[in-house]
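All remarks here apply to the structure that follows.
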Amino acid sequence: MNRYDPKQPIEPFYVPAKVLKCRIEGNEPGGGGSSPQPKQPLFPEWEKLEGPVAKLVGAAVFAGAYVLIEQNRRFLPIAVFLLLCAVLLRFDERRRRIAVAPLLLATLRLASQMSSAMLPNTERSMLRQAIGTVPAWVPLFLGACLFFGPNFKTVTQVMATALSSLLLFSGLLPGDGYLLVFVIVEYLLFVAMGIALIVDLLSRAPAPQPAVAR
(Lines give C-alpha, C1' and ligand atoms only; values in the text may rest on other atoms or scores of the structure.)
Protein backbone atom coordinates (compact mmCIF):
# COMPACT_ATOMS: atom_id res chain seq x y z
CA MET A 1 0.00 0.00 0.00
CA ASN A 2 1.46 3.34 -1.03
CA ARG A 3 1.63 5.95 1.64
CA TYR A 4 1.10 9.63 1.07
CA ASP A 5 4.39 11.48 0.79
CA PRO A 6 3.99 15.20 1.55
CA LYS A 7 7.14 15.97 -0.42
CA GLN A 8 5.66 14.64 -3.63
CA PRO A 9 3.37 16.95 -5.72
CA ILE A 10 -0.29 16.08 -5.75
CA GLU A 11 -1.38 14.73 -9.10
CA PRO A 12 -4.54 16.28 -10.54
CA PHE A 13 -7.65 14.19 -10.24
CA TYR A 14 -9.51 13.57 -13.46
CA VAL A 15 -12.29 11.40 -14.75
CA PRO A 16 -12.02 9.86 -18.23
CA ALA A 17 -14.36 11.38 -20.77
CA LYS A 18 -15.85 8.02 -21.65
CA VAL A 19 -17.14 7.74 -18.11
CA LEU A 20 -18.95 11.07 -18.33
CA LYS A 21 -20.40 10.33 -21.74
CA CYS A 22 -24.10 9.71 -21.44
CA ARG A 23 -25.97 8.28 -24.34
CA ILE A 24 -29.72 8.39 -24.06
CA GLU A 25 -31.71 6.67 -26.71
CA GLY A 26 -35.47 6.67 -26.91
CA ASN A 27 -35.61 3.01 -27.90
CA GLU A 28 -33.73 1.81 -24.84
CA PRO A 29 -35.91 0.90 -21.86
CA GLY A 30 -35.46 3.29 -18.95
CA GLY A 31 -33.36 5.68 -20.99
CA GLY A 32 -35.63 8.57 -20.20
CA GLY A 33 -35.25 10.05 -23.67
CA SER A 34 -37.63 10.32 -26.58
CA SER A 35 -37.25 11.33 -30.17
CA PRO A 36 -38.56 14.85 -30.88
CA GLN A 37 -42.01 14.88 -32.38
CA PRO A 38 -42.31 16.80 -35.67
CA LYS A 39 -44.46 19.91 -35.48
CA GLN A 40 -47.79 19.60 -37.20
CA PRO A 41 -48.42 22.56 -39.53
CA LEU A 42 -51.53 24.66 -39.06
CA PHE A 43 -52.48 24.11 -42.70
CA PRO A 44 -51.63 21.18 -44.98
CA GLU A 45 -48.77 21.55 -47.39
CA TRP A 46 -49.74 22.92 -50.79
CA GLU A 47 -48.24 19.91 -52.57
CA LYS A 48 -50.82 17.67 -50.88
CA LEU A 49 -53.65 19.63 -52.55
CA GLU A 50 -52.39 19.10 -56.08
CA GLY A 51 -54.07 15.73 -56.54
CA PRO A 52 -57.25 15.20 -58.56
CA VAL A 53 -59.27 14.23 -55.48
CA ALA A 54 -58.42 17.47 -53.70
CA LYS A 55 -59.25 19.48 -56.82
CA LEU A 56 -62.64 17.75 -57.18
CA VAL A 57 -63.47 18.40 -53.54
CA GLY A 58 -62.43 22.04 -53.89
CA ALA A 59 -64.55 22.44 -57.03
CA ALA A 60 -67.58 20.98 -55.25
CA VAL A 61 -67.07 23.32 -52.28
CA PHE A 62 -66.78 26.46 -54.42
CA ALA A 63 -69.72 25.48 -56.62
CA GLY A 64 -71.88 24.61 -53.62
CA ALA A 65 -71.02 27.91 -51.92
CA TYR A 66 -71.92 29.87 -55.05
CA VAL A 67 -75.29 28.14 -55.42
CA LEU A 68 -76.05 28.55 -51.72
CA ILE A 69 -75.24 32.27 -51.73
CA GLU A 70 -77.27 32.90 -54.88
CA GLN A 71 -80.29 31.30 -53.22
CA ASN A 72 -79.86 33.13 -49.92
CA ARG A 73 -77.65 36.19 -49.55
CA ARG A 74 -77.35 35.61 -45.82
CA PHE A 75 -74.70 32.99 -46.57
CA LEU A 76 -72.46 35.64 -48.15
CA PRO A 77 -69.82 35.41 -45.36
CA ILE A 78 -69.02 31.87 -46.56
CA ALA A 79 -67.36 33.38 -49.62
CA VAL A 80 -64.91 35.47 -47.60
CA PHE A 81 -64.01 32.54 -45.35
CA LEU A 82 -63.24 30.40 -48.39
CA LEU A 83 -61.11 33.25 -49.72
CA LEU A 84 -59.25 33.42 -46.40
CA CYS A 85 -58.48 29.69 -46.52
CA ALA A 86 -57.18 29.94 -50.08
CA VAL A 87 -54.92 32.90 -49.22
CA LEU A 88 -53.45 31.23 -46.14
CA LEU A 89 -52.84 28.00 -48.05
CA ARG A 90 -50.92 29.90 -50.71
CA PHE A 91 -48.58 31.49 -48.16
CA ASP A 92 -45.44 29.72 -47.04
CA GLU A 93 -44.93 28.93 -43.36
CA ARG A 94 -43.21 32.24 -42.53
CA ARG A 95 -45.74 34.50 -44.28
CA ARG A 96 -48.62 32.43 -42.87
CA ARG A 97 -47.44 32.96 -39.30
CA ILE A 98 -47.17 36.70 -39.91
CA ALA A 99 -50.51 37.21 -41.65
CA VAL A 100 -52.82 34.68 -40.02
CA ALA A 101 -53.81 36.86 -37.04
CA PRO A 102 -54.60 40.16 -38.86
CA LEU A 103 -56.24 38.40 -41.80
CA LEU A 104 -58.41 36.25 -39.55
CA LEU A 105 -59.54 39.19 -37.40
CA ALA A 106 -60.26 41.35 -40.45
CA THR A 107 -62.24 38.51 -42.05
CA LEU A 108 -64.29 37.99 -38.89
CA ARG A 109 -65.17 41.67 -38.79
CA LEU A 110 -65.98 41.67 -42.51
CA ALA A 111 -68.28 38.66 -42.06
CA SER A 112 -69.94 40.38 -39.10
CA GLN A 113 -70.58 43.52 -41.14
CA MET A 114 -72.03 41.47 -43.99
CA SER A 115 -74.31 39.54 -41.64
CA SER A 116 -75.57 42.65 -39.84
CA ALA A 117 -76.30 44.33 -43.18
CA MET A 118 -78.73 41.51 -43.99
CA LEU A 119 -80.89 42.18 -40.94
CA PRO A 120 -84.25 43.79 -41.81
CA ASN A 121 -84.02 46.47 -39.11
CA THR A 122 -80.59 47.69 -40.23
CA GLU A 123 -80.50 51.27 -41.45
CA ARG A 124 -79.37 51.54 -45.05
CA SER A 125 -76.63 54.11 -45.53
CA MET A 126 -76.28 56.19 -48.69
CA LEU A 127 -73.39 53.96 -49.78
CA ARG A 128 -75.49 50.83 -49.33
CA GLN A 129 -78.43 52.36 -51.15
CA ALA A 130 -76.17 53.17 -54.10
CA ILE A 131 -74.20 49.89 -54.21
CA GLY A 132 -76.47 47.33 -52.56
CA THR A 133 -74.77 44.07 -51.55
CA VAL A 134 -71.28 42.98 -52.45
CA PRO A 135 -70.86 40.69 -55.48
CA ALA A 136 -70.37 37.15 -54.19
CA TRP A 137 -68.57 35.98 -57.32
CA VAL A 138 -65.54 38.24 -56.71
CA PRO A 139 -64.18 36.52 -53.56
CA LEU A 140 -65.15 33.12 -54.93
CA PHE A 141 -63.37 33.83 -58.22
CA LEU A 142 -60.17 34.96 -56.47
CA GLY A 143 -60.29 32.01 -54.08
CA ALA A 144 -60.72 29.58 -56.96
CA CYS A 145 -57.80 31.18 -58.84
CA LEU A 146 -55.56 30.68 -55.82
CA PHE A 147 -56.75 27.16 -55.09
CA PHE A 148 -56.60 25.79 -58.62
CA GLY A 149 -53.48 27.72 -59.65
CA PRO A 150 -50.12 26.03 -60.27
CA ASN A 151 -47.70 25.29 -57.48
CA PHE A 152 -45.11 27.90 -58.50
CA LYS A 153 -44.84 31.66 -58.34
CA THR A 154 -46.57 33.54 -61.16
CA VAL A 155 -47.64 37.13 -61.71
CA THR A 156 -51.26 35.99 -61.80
CA GLN A 157 -50.87 34.34 -58.40
CA VAL A 158 -49.26 37.43 -56.89
CA MET A 159 -52.00 39.67 -58.27
CA ALA A 160 -54.76 37.38 -57.02
CA THR A 161 -53.15 37.23 -53.57
CA ALA A 162 -52.85 41.02 -53.39
CA LEU A 163 -56.46 41.61 -54.43
CA SER A 164 -57.70 38.91 -52.06
CA SER A 165 -55.81 40.41 -49.12
CA LEU A 166 -57.23 43.82 -50.00
CA LEU A 167 -60.77 42.42 -49.89
CA LEU A 168 -60.21 40.71 -46.56
CA PHE A 169 -58.61 43.77 -44.96
CA SER A 170 -61.57 45.91 -46.07
CA GLY A 171 -63.35 44.59 -42.98
CA LEU A 172 -61.24 47.00 -40.94
CA LEU A 173 -62.86 50.02 -42.61
CA PRO A 174 -65.58 51.76 -40.59
CA GLY A 175 -69.21 51.56 -41.58
CA ASP A 176 -69.93 50.30 -45.08
CA GLY A 177 -66.48 51.19 -46.39
CA TYR A 178 -65.86 47.59 -47.43
CA LEU A 179 -68.52 48.01 -50.13
CA LEU A 180 -66.36 50.59 -51.86
CA VAL A 181 -63.35 48.26 -51.83
CA PHE A 182 -65.40 45.42 -53.33
CA VAL A 183 -66.61 47.67 -56.13
CA ILE A 184 -63.08 48.93 -56.86
CA VAL A 185 -61.70 45.38 -56.96
CA GLU A 186 -64.56 44.25 -59.18
CA TYR A 187 -63.78 46.93 -61.75
CA LEU A 188 -60.00 46.46 -61.52
CA LEU A 189 -60.19 42.68 -61.70
CA PHE A 190 -60.44 42.54 -65.49
CA VAL A 191 -57.44 44.80 -66.09
CA ALA A 192 -55.22 43.47 -63.29
CA MET A 193 -55.79 39.77 -63.90
CA GLY A 194 -55.78 40.21 -67.67
CA ILE A 195 -52.37 41.91 -67.69
CA ALA A 196 -50.94 39.40 -65.19
CA LEU A 197 -52.16 36.47 -67.26
CA ILE A 198 -50.69 37.91 -70.46
CA VAL A 199 -47.32 38.44 -68.75
CA ASP A 200 -47.28 34.84 -67.51
CA LEU A 201 -48.24 33.43 -70.90
CA LEU A 202 -45.58 35.44 -72.75
CA SER A 203 -42.79 34.79 -70.25
CA ARG A 204 -40.53 31.79 -70.63
CA ALA A 205 -40.49 29.00 -68.11
CA PRO A 206 -37.45 29.06 -65.79
CA ALA A 207 -34.71 26.64 -66.73
CA PRO A 208 -34.55 23.58 -64.46
CA GLN A 209 -31.73 23.70 -61.93
CA PRO A 210 -29.10 20.97 -62.35
CA ALA A 211 -29.02 18.37 -59.61
CA VAL A 212 -26.13 18.86 -57.19
CA ALA A 213 -24.12 15.69 -56.64
CA ARG A 214 -23.60 14.81 -53.00
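Here the label points at A130 and A54, each 7 Å from Cα along the C-beta direction, are separated by 4.3 nm in the simple model.
Using a probe of 1.4 Å on the protein chains alone, the accessible area found for S115 is around 50 Å². Remark: C-alpha extents of the range 48-202 on the principal axes read 47, 30, 29 Å, sorted largest to smallest. Fully extending the segment from Q71 to D92, taken as 0.36 nm per residue of separation minus the present Cα-Cα distance, adds 4.0 nm. Loop-resident trypsin sites (Lys or Arg not before Pro) (DSSP state other than H, G, I, E or B) in the range 82-181 with no more than 15 further Cβ atoms inside 10 Å of their Cβ: R124, K153. When peptides 181-190, 132-141, 80-89 are ranked by their average number of other Cβ atoms within 10 Å per residue, the highest-first order is 80-89, 132-141, 181-190.
The values are calculated or read from the model by the stated rules, or taken from the named source; none is laboratory data. Everything quoted here is computed from the prediction, not taken from an experiment. So basically every Cβ, Gly included, is an ideal-geometry build from the backbone, and we count neighbours across all protein chains shown. Remember, those area values only see protein heavy atoms, side chains included, never the ligands or the DNA or RNA. Shrake-Rupley method; radii C 1.70, N 1.55, O 1.52, S 1.80 Å.
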